[in-house]
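What follows is a set of notes on a single structure, which appears directly below.
Derivation of every value follows stated rules applied to the coordinates shown; laboratory data play no part. Worth saying up front: this structure is predicted, and the values here are computed from it rather than measured.
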Amino acid sequence: MCGRAALFSPENKFRPFCSERCKLVDLGQWATESYRIPLAEGGEARNGEDELN
Ligand SMILES: [Zn+2]
């Protein structure tokens, strides 16, 4: 994430990230994408149901 080598050892509780900061950044990007996709699909699905009714 930041370019530093992550320490793959039991002592590094943030692995595979090198630090908690990198872990939060990566999780934040995942959350952003996962929120974006369901919102778009849900909007289309709801519009289809309205037309059927
Ligand atoms: Zn890093």
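Key figures
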quantity: Using θ = phi - 60° and Karplus 6.51 cos²θ - 1.76 cosθ + 1.60, couplings along the stretch 25-31 (whole Hz; Gly, Pro as x); calculated: 4, 5, 5, x, 5, 4, 4
quantity: Using θ = phi - 60° and Karplus 6.51 cos²θ - 1.76 cosθ + 1.60, couplings along the stretch 3-19 (whole Hz; Gly, Pro as x); calculated: x, 7, 6, 6, 8, 8, 8, x, 6, 9, 6, 9, 4, x, 9, 7, 7
